[in-house]
Amino acid sequence: MKLLQNPPENLFFTGKGGVGKTSSSCAVAVTLADQGKKVLLVSTDPASNIDEIFSQVLSTNPQPIKGVAGLSAMNVDPEKAAEEYREKVIGPYRGVLPDVAIASMEEQLSGACTVEIAAFDQFTNLIGNTKITKNFDHVIFDTAPTGHTLRLLSLPTAWNGYIENTVSGTTCLGPLEGMVEKKDIYEASMKALADKNRTVLVLVSRPEKAALDEAERTAIELGEIGVTNMSIIVNGVFTAMGNDDPIANAMDQRGRDSLSAMPKTLSKLDRFDVPLRTQEILGTNILRQFFSAEDHKTHEPEVLTGALPESLADIIDDLAHKEQGMIMTMGKGGVGKTTIAARIAIDLATRGFNVLLSTTDPAAHVTDAVGCLRERLEVDQIDPNLEVEKYRKQVMETTGAALDDDGRALLEEDLNSPCTEEIAVFQAFARTVNQAQGQIVVLDTAPTGHTILLLDAAEAYHREISRLASDASDEVSKLLPRLRDPNFTRVLICTLAEATPVHEAAELQKDLRRAGIEPYAWIINQSLAPLDIQDPILKARKAQETKYISEVSNNHAKRTILEAWQESNIQKGKSSNAA
């Protein structure tokens, strides 16, 4: 692996949740330390599990890792940093602005963008301030900053206190003037990121189209701002052992097809494939074997015992008791929201219900998931690009009209935020929800609880100031009560039986509950647990799902649905719990 032959001082690992960023970064850290290097491993990921991997409680200061001479690790706490950042911004307004305005500001600064800015603030101290890092040959970061964050902080207007009114609804980042004193450190950090001799960005993916597409977007986004020294690790590459297991053969072929169609941007990079392992990556011994072509299985995990959770067919039976209302599939990318939504829509239409299937996901080919159109089933799509363009135009023609060129550049970059897309499609989403009267609407990828609360708080503040409630359309004003009504809306949280997807889904549930929305059920998708598998690697992976199925059932979900891995995601419109 070229990455390990002559690595620069800074290594950043990035990729979709659940692809193996943490495992890869930990394995590289152990490998370099074993070569005699002094290495600092830093996690800026709120869902990081490096403590679990090393079986050691870490803090915000470097601590030596037991059994690995030369390796130290630390956890940066972006959530805590974001909380401190929010209070620094909002504190001066407490007791000055009305409570409803404070609530609006607090919700506005609760988004992922604020957490990322706060995380960036923390790890720039490690790059730009050598007090901690001067004694290390390499600093490895689990989770890199996005191109949006870096572009935003590279704009000169970000440092002149332009964004002063957080209740205007134009930003989810809030005022940046509280960070002005760190401008020099930020600039030095971004120069280090773009310096090929000092930094390499490691894209981590799986042999799956969604993960590879996300890696390509990241590569393009960061390449546009000068971060071009990149490598890619494809984690979990599966090769079937023998020809007598049709499920293993189908999974093998799917991975091969995804890799053969790898985006051109990625195919040019130095690439290393890591085979799918029979056990979780836990402990230094396993990490030392991470880049080996062989799978050194140390034990046979326990097999799942007892009755399995319900199947998707069971939940559709219950959903079919209502002739109208909303069904929403939510979850992180790559967990199968679109195919689950399509299967539910097909089955309900087959049972004689009028169904509208729609999506807000620009990467979701919902028509392909459905296949041939069916009677009583209508397929629609909210085009985020179109909605975002309309929203940007509106903001630039209003808020942007009074700004100078630098101010407009900052506003334009702020409108590149992921939060902007959710806000932009919100009205279209409200129109779709309004259609769930007299028919069933199945929506793939709904707005998060943060977006719902953000717009609710902004609307509340607007009413407080203007004393006019008539400005909001009927469909928008009724939206939140409809989403909170369990008889009208049923939210299905989709995940996989793996650590990161489950933990990210748990955070999504907290977000929804803050907005007063209670999920109807969790769907653990693409599970091996219900299948008759002969391949030894997949048998071990099947057994490993046990604790995550139990965690979801016992700790998170009021109702758990287990859906089996399938070669074909849509089986002629029928749902089943077996392949």
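Key figures for this structure:
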{"quantity": "Test for residue 30: is it farther than 26 Å from residue 205 by Cα, touching a residue at least 60 places away in the same chain (Cβ under 8 Å) and aliphatic (A, V, I, L, M)", "calculated": "no"}
{"quantity": "Single unsatisfied condition, residue 47 versus (1) modelled with pLDDT of 85 or more; (2) out of contact with any Lys or Arg (no Cβ under 6 Å at 6 or more places or on another chain)", "calculated": "(1)"}
{"quantity": "Test: residue 298 is open to solvent by 40 Å² or more (accessible area, probe 1.4 Å), at pLDDT below 80 and either farther than 30 Å from residue 25 by Cβ or part of a helix (DSSP H, G or I) (or both)", "calculated": "no"}
{"quantity": "Which listed residue is over 21 Å from residue 541 (Cα atoms), open to solvent by 20 Å² or more (accessible area, probe 1.4 Å) and charged (D, E, K, R), from 244, 213, 273", "calculated": "213"}
{"quantity": "Subset of the stretch 499-539 that is among the acidic types (Asp, Glu) and either crowded, with 21+ Cβ neighbours inside 10 Å or in a helix (DSSP H, G or I) (or both) - its residue that is modelled with the highest pLDDT", "calculated": "535"}
{"quantity": "Criterion violated by residue 3 - all others in (1) outside any strand (DSSP E or B); (2) under 22 Å from residue 122 (Cα atoms) satisfied", "calculated": "(2)"}
{"quantity": "Candidates 384, 362, filtered to the one that is open to solvent by less than 10 Å² (accessible area, probe 1.4 Å), at pLDDT below 90 and not small (Gly, Ala, Ser)", "calculated": "384"}
{"quantity": "Residues located in the stretch 9-55, provided they are open to solvent by less than 20 Å² (accessible area, probe 1.4 Å) and in a loop (DSSP other than H, G, I, E, B)", "calculated": "18, 19, 20, 44"}
{"quantity": "First in the stretch 382-394 and of a type outside the set (Ser, Thr, Tyr), second anywhere and surrounded by 13 or more Cβ atoms within 10 Å (Cβ to Cβ) and assigned to a loop (DSSP other than H, G, I, E, B), Cβ under 6 Å, 6 or more apart", "calculated": "382/360; 382/425; 384/362; 384/425; 387/425; 392/415"}
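Conditions (1) buried (at least 24 other Cβ atoms within 10 Å of the Cβ); (2) in contact (Cβ under 8 Å) with a residue 40 or more places away in the chain; (3) outside any helix (DSSP H, G or I); (4) in contact with a strand residue (DSSP E or B) (Cβ under 6 Å, 6 or more places away or on another chain), marked per residue:
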| residue | (1), (2), (3), (4) |
| --- | --- |
| 58 | no, no, yes, yes |
| 68 | no, yes, yes, no |
| 81 | no, yes, no, no |
| 89 | no, yes, no, no |
| 92 | no, no, no, no |
| 100 | no, yes, no, no |
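The values are calculated or read from the model by the stated rules, or taken from the named source; none is laboratory data. Everything numeric in this text was worked out from a predicted model, so none of it was measured. Every residue, glycine as well, gets a Cβ built from its backbone with ideal geometry; the counts of neighbours run over all protein chains shown. Protein only, heavy atoms only, side chains kept; ligands, DNA and RNA dropped before computing areas. Shrake-Rupley method; radii C 1.70, N 1.55, O 1.52, S 1.80 Å.
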